[in-house]
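Asks: Next up is a structure, given as structure tokens.
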Ligand code: OAD
């Protein structure tokens, strides 16, 4: 890993960080693409689409149950902890954390708020679009090894509150993301392959407002050319150096 210079944040800066599966790889959670990635081992349309769920909800729930228990058994790493500290140092007016991850590790590291673009493994809701319970996800960490759970209100199968292929992101979370990027001065993407939209295009919004754009990833992402700076390395090693402890970002400069 090349030597890493701390990001020169000033008191005027507003920072947005977008994370992907790579930040949790250092906690032992499998990524989606690349060697050992979930979508290399499983068929994404069987396990992460409405059609797959309708075909075999039990299979989807077995997959989710396994991911829930692996996420619960994992521990937030130095990458998650650094972003939580940076969020406390800068405060919510100057720092926003957007994640494509559904594993809850940012929250367990102490980040608050965390804008979950792809939902959460730890929420469940009704799968029937016209049921009121479909809009009321509840906290859930259970495993359903035998039969899929059903909605107490309408009897339809319950589903995880995650975004599947072909589904739109939650409009309120997407609106926050677009709003904060449009007023940011620094945009960091961490541990993401830059292949899944709309998150892969957030860098374009940041560039359009003249923000500094930095990619932290173990390898060049699909959209690496859109970033002003590429820091190659593991998130858990790079982030503590990029945002060193005790720096009180923005209070010593600007
Ligand atoms: P991917 O699995 O597509 O990409 C993970 C990226 O992290 C790759 O570019 C790796 O090189 C990099 N990486 C791996 N380990 C790393 C480490 N220790 N430090 C830094 N980088 C590392 O994951 P995402 O880009 O998050 O969507 O995937 C985006 C979406 O695709 C996911 O949210 C999920 C998936 O389908 C849904 O489920 C809707």
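Asks: On a full-extension model of 0.36 nm per residue, what is the gain between residue 44 and residue 225, subtracting their alpha-carbon distance, rounded to one decimal in nm?
Replies: 62.4 nm
Asks: What does the convex hull of the Cα atoms of region 1-134 come to per residue, in Å³, rounded to a whole number?
Replies: About 134 Å³ per residue, rounded to a whole number.
Asks: Using alpha-carbon positions, what is the distance between the centroids of region 98-163 and region 56-73, in Å?
Replies: After rounding, the separation between the Cα centres reads 12 Å.
Asks: Oh, and also: What list do you get for 24, 69 if you sort them by fewest beta carbons within 10 Å?
Replies: 69, 24
Asks: For the Cα atoms of the chain, what angle does the longest principal axis make with the long axis of helix 171-182, in degrees from 0 to 90, nearest 10?
Replies: It works out to around 10 degrees.
Asks: Given N residues in region 147-254, what is Rg(Cα) / (2.2 N^0.38 Å)?
Replies: It is 1.40.
Asks: Can you give the Rg to Rh ratio for the chain, taking only C-alpha atoms and Rh from Kirkwood?
Replies: So for the chain, dividing Rg by the Kirkwood Rh gives 0.98.
Asks: PRE reach from residue 209 (point 7 Å along Cα→Cβ): which of region 1-28 fall under 11 Å by backbone N?
Replies: Inside the label zone: 14-16.
Asks: Taking N as the number of residues in region 59-189, what is its Cα Rg relative to 2.2 N^0.38 Å?
Replies: 1.16
Asks: Would you list 42, 115 from fewest to most Cβ contacts within 10 Å?
Replies: Fewest-to-most Cβ neighbours within 10 Å comes out as 42, 115.
Asks: If the label point is 7 Å along Cα→Cβ of residue 245, which residues in region 94-111 have backbone nitrogen under 17 Å from it?
Replies: Answer for region 94-111: 109-111.
Asks: If you stretched the chain out fully between residue 75 and residue 201, how much longer would it get, using 0.36 nm times the residue separation minus the C-alpha to C-alpha distance?
Replies: Full extension from residue 75 to residue 201 adds 42.4 nm.
Asks: Using 1/(1 + (r/R0)^6) with R0 = 25 angstrom and r between the beta carbons of residue 130 and residue 51, what's the FRET efficiency to the nearest 0.05?
Replies: Using R0 = 25 Å, I get an efficiency of 0.85.
Asks: Points 7 angstrom from Cα along the Cβ direction at residue 59 and residue 165: gap in nanometres?
Replies: It works out to 1.3 nm between the two label points.
Each value in this text was obtained by applying a stated rule to the coordinates, not by laboratory testing. For clarity, every value in this text was computed on a predicted model and none was experimentally measured. A quick note on method: Cβ atoms are made from the backbone with ideal geometry, for glycine too, and the neighbour counts reach across all protein chains shown.
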